[in-house]
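J.: The following block contains the structure, expressed as C-alpha cells.
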Amino acid sequence: MMESQAAQSMAANFKAYAEFYDNLSFGVMSFIPVGTRSILSLDTYLMSSMASTLKSMAMLVTAGSLNDAYALARKLYDAALVGTYIALYLSKNAEPGKPPLEHIDGWITGTKALPRTGVIAKYVDAAVELAPVRPCLGQLDYAGIRERCNDHTHHNFLTHLMLNDGRVRIKSREQWMAQLGSDTLDIIVLHLAYTFCLGGHNMMSSDYTDALDVGMTPEYGSEDWVAPYVQSFLTDRVEPRCPGLIAVLREETGMELEG
C-alpha cells in the first residue's frame, strides 16, 4: 500500500471512530449524573470532545503530521481516564437528594481542577469495580501506549520531529502510522470497557426511552436492548482487538449483547 493510501485508510478509521462517539454522545445525553448540578450527562460532553479529537487526528494523518497526531492520542487517553475517574468518584460518593460533590462540581463550574493525570490513573487502576474487564484489557499493551504517547508529545527522539513533516521520507513512517492506528483503537477499547462496565445503560437502545417519551409502556426487557450502532462497533472493531470483552460486558451489565 502506498503511503498516501495508508494515510487515507487510517484517516477513514479515525472518522468512523469519531462518528461512533458522536452517536454515543447523543445517546447518553439524558443520563444526568447524581451529585452534580449538570443538566446533561457529563459523558455527552466528554464523548463529543473525544469525537472532535479523533476528527483532528484524521486531518493530521492526512497531512502527514504523525507526531502531532500522537500528541492528540495522548489527549484521547487522558480524556478516557478523566471520564472513568469522574464516573467512579460519583458512583462511590454521590447520593440522591444530597448537595453536589464539590470535588466534581467544582470542575464543572471551573472553580476546582481535577487531580493530575498520574493520580487519576492510580485511582482508576485501583478500582475494584473495573476488575471484571481487566483480564481482557491485559491482552493489550497500555504501558507501551503511554510511553509512545509521551515520547511523541515531548519529542524524545529526532524521529518524532521528522514524523511531523509529511515531506520528509523516512523508512519507519508507515510502521509508525500503523502503530498509531492500533494504539488509538486500544485507547477506545479501554474507554468503552470501563464506561460500559460502570454503566451498561450507556449502550442502551433508544426504544425504551422513546416509548416513555410518547406516554407508552416500554416493551418488557427493552431497557436491556443495545443500540445497533454500539453492537456493530463492538462486534466489528472491539471484539477482534480484545477477544472475550463482549462476553464479559454481557455478564456484568445484563445487556443483551451478541457475541
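J.: Could you tell me what fraction of 2.2 N^0.38 Å the Cα radius of gyration of region 137-191 comes to, as a two-decimal ratio?
T.: On the way: Rg = 12.2 Å, N = 55, 2.2 N^0.38 = 10.1 Å.
For region 137-191, the normalised Cα radius of gyration is 1.21.
J.: Quick check for you: which residues of region 149-184 have the amide N under 16 Å from the point 7 Å beyond the Cα of A12 toward its beta carbon?
T.: Inside the label zone: 178, 181.
J.: Quick one: angle between helix 66-93 and the longest Cα principal axis of the chain, in degrees between 0 and 90, rounded to 10, please.
T.: So the helix axis and the longest Cα principal axis differ by about 20 degrees.
J.: Using the Cα gyration tensor of region 87-154, with a ≥ b ≥ c the square roots of its eigenvalues, what is the shape: rounded (a/c below 1.5), prolate (a/b larger than b/c) or oblate (neither)?
T.: oblate
J.: Determine, for the chain, the count of lysine pairs separated by eight or more sequence positions (or lying on different chains) whose alpha-carbon distance falls under 25 Å.
T.: Qualifying lysine pairs in the chain: 9.
J.: Given R₀ = 35 Å, FRET efficiency for A113-H154 by Cβ-Cβ distance, to 0.05?
T.: 0.95
J.: Given H placed 1.01 Å from N in the peptide plane, which residues other than close sequence neighbours of M204 have an amide H under 5 Å from its amide H?
T.: Here A227 satisfy the definition.
J.: Moving on. In region 3-253, if the dipole is taken from +1 on Lys/Arg beta carbons and -1 on Asp/Glu beta carbons about the Cα centre, which of M57, L42, L190 is farthest to the positive end?
T.: Most positive-ward Cα: M57.
J.: On to the next question. Please compute the alpha carbon radius of gyration of the chain, then divide it by the globular-protein estimate 2.2 N^0.38 Å. Two decimals is fine.
T.: 1.06
Every number here is computed from the coordinates shown, using simple stated rules; none is lab data. Small disclaimer: the values here were computed from a predicted structure and weren't measured. No Cβ is skipped: glycine too gets one built from the backbone with ideal geometry, and neighbour counts run over all protein chains shown.
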